[in-house]
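Novice: Before I ask anything, let me first share the structure, which is written out below as structure tokens.
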Amino acid sequence: MFFVKRFKIRSHEMGLLFHDGEFRRLLGAGVHWLFDPLCKYQVDVVSQRTVQFAHDQLDVIVRSGALKGHAEVLDLKDHERAIMWIDGRLDKILNSGLYAFWLGQKPVRFEVYDIRQTRFEHVDLPLIARHPSAQQTLDVCKIERERVGVLYIEGRYVDTLASGVYAFWRGGVEANVVEVDLRESMLDVVGQDIMTSDKVTLRLNALVSVKITNAQQAVAQTQDVRQALYRETQLVLRGLIGARELDDFLTDKDGVAREIEDNIRKRAQELGLEIVSVGIRDVILPGDMKDLMNKVTEAKKAAEANLISRREETAAMRSQANTARLLAENPVLMRLRELEVLEKIAAAGKLNVILGGKSPDDKGLAEKIVNLL
């Protein structure tokens, strides 16, 4: 009896029988007696409640065929990955390797993928991307609203991705996503010291409103598309202002802005951009030039005021001359004018008429006044 060993395997367990370190067979539930006078038998008891069967000699056990009917074997090559579902729930993502899973415990389902197809697509991608095992096997990329992602695989452009969640297998072909914001943005061209054609140095601040219309072009043409447009606008602005005199520029700033837009539009299209608007925001003159322009403006306004005053005086004198001519040519109008004057005098207060004495010079004066009234 000392040479016989007893092994008890419970209903949820499985025994692995080894002789002298070599796997022999599986031992099912029950009591097993083994004659072992040389103590070369060994039994490893494993639980089947854990769905995955792991053992350091798993490859030997699989090759023996002993697991047939007891476990499902999954052999993933270097370019393969598998998503494992237990009871309809995501359990883990499996890397390449040899796996075995006990049958009859819980329903297990596998989805095997070839990572040489770099992009991973799945109806439950948001759920899978949040799983802890995805951090070791997947590169997850989330593209926000109003943005797109320019996808490069092995350095070659493949596609432009709309907003959403995307995933790419690690360990396979290199994938890179460049996120591009499609919203309208402002480009400040500030602090530009420019000399006009009449040798006046001024400082300008311009504003260019742009948005990206071709994300692939915007990424491929230059390292920084907005910086490239900034430099182009800067050069165009210097060329246009330098060819104008100060007065011409100040009186037609909107026209200059339109010319800037026309000149940079072609370059913007090459960069995948659309020009929304261009404007001259600030014009800063040197201190002495400000004083000089204020004096010029003051002189112009004084001259305009003097001219208006002279025009009004001339118009008044012309009106008086016309009135005098009409009164001279029409006695009746003269009498009416005299009556209007008397009426105004009478309306202003009490009217006293004093007649003189009996001198010959006063003869007929009373009659004239009575007739006039």
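The values are calculated or read from the model by the stated rules, or taken from the named source; none is laboratory data. All values reported here derive from a predicted model rather than from experimental measurement. Note that each Cβ is placed from the backbone with ideal geometry, even for glycine, and that neighbours are counted across all protein chains shown.
Novice: Quick check, is ASP78 part of a loop (DSSP other than H, G, I, E, B) and either within 30 Å of LEU125 (Cβ to Cβ) or charged (D, E, K, R) (or both)?
Specialist: It is true that ASP78 is part of a loop (DSSP other than H, G, I, E, B) and either within 30 Å of LEU125 (Cβ to Cβ) or charged (D, E, K, R) (or both).
Novice: With the requirement that a residue be hydroxyl-bearing (Ser, Thr, Tyr) and either assigned to a loop (DSSP other than H, G, I, E, B) or modelled with pLDDT of 95 or more (or both), what does the range 114-151 give you?
Specialist: Within the range 114-151, THR118, SER133 qualify.
Novice: Looking at (1) closer than 18 Å to THR196 by Cβ; (2) not in a helix (DSSP H, G or I), which is the only condition VAL278 fails?
Specialist: So the condition that VAL278 fails would be (1).
Novice: Taking the range 50-61 only, how many residues are part of a strand (DSSP E or B) and acidic (Asp, Glu)?
Specialist: Looking only at that region, the number is 0.
Novice: Let me ask something else about it. Does PHE23 fit the bill of being assigned to a strand (DSSP E or B) and touching a residue at least 40 places away in the same chain (Cβ under 8 Å)?
Specialist: So PHE23 fits the description; yes.
Each row is one residue, and each column tells you yes or no for (1) in a loop (DSSP other than H, G, I, E, B); (2) closer than 29 Å to GLY172 by Cα.
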position	(1), (2)
GLY15	no, no
VAL31	no, no
LEU34	no, no
LEU38	yes, no
ARG63	no, yes
GLY69	yes, no
ILE83	no, yes
LYS92	no, yes
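Novice: Of the residues that make up the range 55-64, is at least one out of contact with any Leu (no Cβ under 7 Å at 6 or more places or on another chain), farther than 14 Å from ALA100 by Cα and either surrounded by fewer than 13 Cβ atoms within 10 Å (Cβ to Cβ) or in contact (Cβ under 8 Å) with a residue 24 or more places away in the chain (or both)?
Specialist: The answer is no, given that none of the residues of the range 55-64 is out of contact with any Leu (no Cβ under 7 Å at 6 or more places or on another chain), farther than 14 Å from ALA100 by Cα and either surrounded by fewer than 13 Cβ atoms within 10 Å (Cβ to Cβ) or in contact (Cβ under 8 Å) with a residue 24 or more places away in the chain (or both).
Novice: Here is a follow-up. Quick check on the range 13-23. Is at least one of its residues in contact with a Lys or Arg (Cβ under 8 Å, 6 or more places away or on another chain) and at positive phi?
Specialist: Yes, the range 13-23 contains at least one residue that is in contact with a Lys or Arg (Cβ under 8 Å, 6 or more places away or on another chain) and at positive phi.
Novice: Which residue, of ALA100, ALA71, ALA66, ALA54, is under 20 Å from LEU27 (Cα atoms), out of contact with any strand residue (DSSP E or B) (no Cβ under 6 Å at 6 or more places or on another chain) and of a type in the set (A, V, I, L, M, F, W, C)?
Specialist: Selected residue: ALA54, the only one of ALA100, ALA71, ALA66, ALA54 that is under 20 Å from LEU27 (Cα atoms), out of contact with any strand residue (DSSP E or B) (no Cβ under 6 Å at 6 or more places or on another chain) and of a type in the set (A, V, I, L, M, F, W, C).
Novice: Would you say LEU250 is touching a Lys or Arg at 6+ places or on another chain (Cβ under 9 Å) and over 15 Å from ARG265 (Cβ atoms)?
Specialist: Against the criterion (touching a Lys or Arg at 6+ places or on another chain (Cβ under 9 Å) and over 15 Å from ARG265 (Cβ atoms)), LEU250 does not qualify.
Novice: Please determine, by comparing only the residues of the range 314-373 that are of a type in the set (Gly, Ala, Ser) and surrounded by 11 or more Cβ atoms within 10 Å (Cβ to Cβ), which one is modelled with the highest pLDDT.
Specialist: Within the range 314-373, the match that is modelled with the highest pLDDT is ALA346.
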